[in-house]
1. Tell me which residues come under 5 Å, amide H to amide H, from W86 once H is placed; ignore anything under 5 positions away on its chain.
2. Answer with a single label: of (1) 52, 23, 15; (2) 47, 37, 26; (3) 60, 25, 16, which was calculated as Cα extents along the principal axes in Å from the structure in view?
3. Taking Cα atoms, how many degrees apart are the long axis of helix 50-83 and the longest axis of the chain, rounded to 10 and kept between 0 and 90?
4. Please give the charge dipole size of the chain, origin at the Cα centre, charges +1 on K and R Cβ atoms and -1 on D and E Cβ atoms. Round to the nearest 20 debye.
5. Would you list T85, T79 from fewest to most Cβ contacts within 10 Å?
6. Nearest 10 degrees is fine. How inclined is helix 3-35 to the longest principal axis of the chain, computing both from alpha carbons?
7. Tell me, E35, E46 in order of fewest to most beta-carbon neighbours within 10 Å?
8. For the chain, which span is the longest to avoid every loop-located (per DSSP) member of trypsin sites (Lys or Arg not before Pro) having at most 15 other Cβ atoms inside 10 Å?
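Readers should treat all values here as calculations from the given coordinates under stated rules, not as data from a laboratory. The structure presented is a predicted model; accordingly, all values stated were derived computationally and were not measured. Methodologically, a virtual Cβ is constructed for each residue, glycine included, from the backbone with ideal geometry; neighbour enumeration extends over all protein chains shown.
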Amino acid sequence: MKASKIAYTPVGLALGAASGWIAGAAFKQAWKIIEGDGDAPDATDEDRSWQQILIAAAIQGVIFGVVKATVQRSGAVATRRLTGTWPG
């Protein structure tokens, strides 16, 4: 295993945690704009329709995927700038 990959591992873990927090906050804000009230539905919310639950899950998945990719890519680019090697 390359030294750069080993050195990047803790950075990657920290970035993953940060991206989860950022994505969660972004999803809550997006849901407030879309729905205009309260929390997003959980899959087990009996009083919510299938349509609401599936739309919320799809939006959440897109937001989490985009934020995760953005944060990971930014971390890799920053690592290359600092060390001169790509962390992959």
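1. none
2. Answer by label: (1).
3. Tilt relative to the chain: about 10 degrees.
4. On the way: 9 positive and 7 negative charges, 205 e Å.
The calculation lands at about 980 debye.
5. On the way: T85 14, T79 20.
If I rank by nearby Cβ atoms, fewest first, I get T85, T79.
6. 20 degrees
7. On the way: E35 14, E46 5.
If I rank by nearby Cβ atoms, fewest first, I get E46, E35.
8. On the way: sites that count: K2, R48.
That gives 3-47 as the longest site-free run.
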